[in-house]
1. If R0 is 41 Å, what FRET efficiency do you get for R172 and S15 from their C-beta distance, rounded to 0.05?
2. Assign one of three labels to segment 90-135, namely rounded, prolate or oblate, based on the Cα gyration tensor with a ≥ b ≥ c the square roots of its eigenvalues; rounded applies when a/c is under 1.5, prolate when it is not and a/b is larger than b/c, and oblate otherwise.
3. Rank G109, S163, A150 by how far each Cα sits towards the positive end of the charge dipole of segment 78-175 (+1 on Lys, Arg Cβ; -1 on Asp, Glu Cβ) and give me just the farthest.
4. Picking from M17, M55, M204, which is most flexible by a Gaussian network model of the chain using Cα springs under 10 Å?
5. Nearest 5 is fine: what % of DSSP beta bridges in the chain come out antiparallel, could you say?
6. Around R49, which amide H atoms from residues at least 5 apart in sequence, or from another chain, sit under 5 Å from its own amide H, with H modelled in the peptide plane?
7. Need one number for segment 135-214: average projected area of the convex hull over its C-alpha atoms, nm².
8. Which trypsin sites (Lys or Arg not before Pro) in segment 26-95 pass both tests, a DSSP loop state and at most 12 other beta-carbon atoms within 10 Å?
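The values are calculated or read from the model by the stated rules, or taken from the named source; none is laboratory data. Keep in mind that this is a model prediction, so the values were computed, not measured. Glycine also receives a Cβ, built like all others from the backbone with ideal geometry; neighbour counts cover every protein chain displayed. Protein only, heavy atoms only, side chains kept; ligands, DNA and RNA dropped before computing areas. Shrake-Rupley method; radii C 1.70, N 1.55, O 1.52, S 1.80 Å.
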Amino acid sequence: MAKIVVVGLGPGGLSQMTGEAMEALRDSGVIAGYDLYIDLIRGAFPEKRFLSTPMRKEVDRCRLAVEEALKGNTVAMVCSGDAGVYGMAGLIYEVAEQMGEIEIEVVPGVTAALSGAAVLGAPLIHDFAVISLSDLLTPWELIEKRIRLAAEGDFVLCFYNPSSKKRFDYLRKACGLILAHRAPETPAGIVRNIGREGQESRVMTLAELRDTPVDMFTTVFVGNSRTKVIGGKMVTPRGYKGVTID
């Protein structure tokens, strides 16, 4: 049967890819993906045939992958981070349903919330919510509602796609919503180019975050009411110190 393996590459470096992901790429005859992600792995798999499309051509990319699989090739569709977290796994299922009978396997990877959190310390030790600030596929009114409710619920927040040329003030808007429920001195942090050349990070307060420029390659973290800074790192206590173990 025709087969597509949807593979999460992790943050970007080959060393941060899971063994299962590496094996899936080795076993695939064709590798498909967004131009930038293909460039990250092309050198490691020179014998493979690659299919790539630019940003905003996700449906076309999935159709190309399915067409190749239906010819009898095992195709790996690659995504950054995790294939099932803002990745291509869901769209592959939707496109394949329209085009023919095909086996689909999803290989997980390390999403930016996890790899970015590791850089900043331990901000996600307790309950957290991940929200994309891109309104390309989700109306801003719905994004705003999710931010407001997550802030009210005292979740640690992680933001993907926090800014672009057209959305330069979206993180500022998000911080304004959070500040209605959280103190200005709440610890926050950013990580840019996680796991890639030029990685940089910074821990700051929520008030400072509000006026900090970011871009699409930045992942943003906002602590909850208990998050603190220890040795320059964000740490969200889970409460073990208050637990008595018999």
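1. Details: r = 35 Å, r/R0 = 0.86.
The pair R172/S15 has a calculated efficiency of 0.70.
2. Details: a/c = 3.80, a/b = 2.36, b/c = 1.61.
Prolate, since a/c reaches 1.5 and a/b exceeds b/c.
3. Result: S163.
4. M55
5. Working: 18 of 44 bridges.
If we restrict to bridges inside the chain, about 40 percent are antiparallel.
6. Close amide H contacts, sequence-distant or interchain: I31.
7. Working: hull surface 22.3 nm².
Seen from a random direction, the Cα hull of segment 135-214 projects 5.6 nm² on average.
8. Values: sites: R26, R42, K48, R49, R56, K57, R61, R63, K71; in loops: K48, R56, K57, K71.
Sites meeting the loop and neighbour criteria: R56, K71.
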